[in-house]
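Input: a single structure, listed below in C-alpha cells.
The values are calculated or read from the model by the stated rules, or taken from the named source; none is laboratory data. For clarity, every value in this text was computed on a predicted model and none was experimentally measured. Please note: Cβ atoms are built from the backbone with ideal geometry, for glycine as well, and neighbour counts cover all protein chains shown.
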Amino acid sequence: MNRDLSEALALRYDNNQLVKNLHIEKKNTERLNEQLMSKNRELKSLTRIDPLTGLKNRRYLFEVFTPENTRLMKDYLLDEKGTNRRFKQHASQNPLEPILTNNEDDMFDFHDKTNSINYGYGIFMMDIDKFKRVNDTYGHDSGDMILRQFSTKLTDQVRSDDAVVRMGGEEFVVILKLAEERYIDRFAEKIRTSIEEYMFSITQGRKINITTSVGYVFYPFFSKFPMSMTFEQMISLSDKALYHAKENGRNMCVRVRCRERDSDNIETVKSVCSNLDRAVEKGNIFFEICPPCSSGAILKKKKKSKGKLLNDKNCNEA
C-alpha cells in the first residue's frame, strides 16, 4: 500500500514538474517570439528610412502613408455634416496623419456642395538642379554632403509633424499638412529661395551654391469632390509640375491647377481623374509658374513642353 502511494506521489510530482517545465518553455517561446517580432518590426522600419539622410523613403510613402490616410479619409470626409470642423480637429490632434486616399470605391461618394473644406495639404516634389554636374565636378563625397545638407534645409523649413521624404537620388517630397491653400505658393518659394541663398559645404572646406526646382499641388484637387484623386495621382501631378520647372529654366516653382476645380459635374471630374495625361493635353489641367518674380526666364526661353504654363499674378498675395 505504501509502495503504491509512494509511486503515485512520485508520478504526480513528475507530472507537476513536466507541467511546470512546459509553462516555463511556453513563456520562453512567447518571449523569444516577441523579441523576434520586435526585431522584424525594427528591420522593416529600417527599410523605410533612407540611410544617407535619415529621412523616410519611397517605400514608407506608399506602404505606410497611403493606407493610413485612406482610413482617415473614410472617417472624416465621408461624414458630410461637420466635415471641415472634424477635419481640422483631427489634424490638430494627429498632425502626423494627413487625409488622402487611394480607394477608388469611395472616390466620388463625398460631394461637398458647400465647398466647406478650407484647409488641405500641399504636396511638393523637388530635386537639386544639375546634381550630376556637382558629382562629376566635385566628386560623390561632395554630392553626399550636399544631399545631407539639403535634407536638413528641408526639415528646417517645415514643422516637426510635416513629412519630408527622399524619393531617391536627388529627388525629395515634402507634404505640408493642414495648410490654407493660399499659403502653399509662399511655402514653395520659401523652399526655393532658402536653397538658392545657402552656401553648401563640400570636401576640402569648399562651399558652393546650388538651386532647386519645385513642382507642387494642393489637396483636395477638386473643391466639391475632395476624394476624387488618389494619393498616387497627386504625387504624379506634382512630378509633372517638377518636369515643367526643369524644362523651362530650373530654379523655379510650378504649381498644378485645374480648370474644373470648382465643378459640380461629377462626370467632368471623373473624366479628368481617369486620364491625367489627356487632361493635361486638353488643357483641363495646366501648370503655372509661381511666384511671378520667377517667371521671366520661362517667358524668354519659350521652351516647348506638354501642357499649358501660365503666370499667376495673385500667387504672392497674403
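Can you name the residue in segment 26-81 that is among the β-branched types (Val, Ile, Thr) and modelled with pLDDT under 80 and, of all such residues, is farthest from TYR219 (Cα to Cα)? Step by step, filter segment 26-81, then rank; the result is THR29.
Residues in segment 207-231 that are touching a helix residue (DSSP H, G or I) at 6+ places or on another chain (Cβ under 6 Å), within 21 Å of GLU288 (Cα to Cα) and of a type in the set (S, T, N, Q): THR211, THR212, SER213. Looking only at residues of segment 222-232 that are under 18 Å from ARG278 (Cβ atoms) and among the hydroxyl-bearing types (Ser, Thr, Tyr), we find that the one that is modelled with the highest pLDDT is SER228.
Whenever a residue of segment 233-251 is closer than 18 Å to SER274 by Cβ, its partners that are surrounded by 22 or more Cβ atoms within 10 Å (Cβ to Cβ) and small (Gly, Ala, Ser), lying with C-beta atoms within less than 9 angstrom and at least six residues away or across chains, give the pairs LEU237/GLY215; LYS240/GLY215. Tallying residues that are in a strand (DSSP E or B) and at pLDDT below 95 within segment 175-217 yields 6.
Within segment 256-276, track down each residue that is within 14 Å of ALA241 (Cβ to Cβ) and not basic (Lys, Arg). Matches in segment 256-276: VAL256, CYS258, LEU276. Within segment 146-170, no residue that is touching a residue at least 12 places away in the same chain (Cβ under 8 Å) and on the phi > 0 side of the Ramachandran plot sits with its Cβ atom under 6 Å from a residue that is of a type outside the set (Ser, Thr, Tyr) and in a strand (DSSP E or B) at 6+ positions apart or across chains.
Please find, among PHE87, PHE110, the residue that is outside any strand (DSSP E or B), closer than 23 Å to ARG255 by Cβ, at pLDDT below 50 and of a type outside the set (Asp, Glu). Can you show your working first?
Details: PHE110 fails: closer than 23 Å to ARG255 by Cβ.
Just one listed residue meets the conditions, PHE87.
Scanning for something surrounded by 22 or more Cβ atoms within 10 Å (Cβ to Cβ) and over 21 Å from LEU61 (Cβ atoms), does segment 227-238 turn up at least one residue? There is no residue in segment 227-238 that is surrounded by 22 or more Cβ atoms within 10 Å (Cβ to Cβ) and over 21 Å from LEU61 (Cβ atoms).
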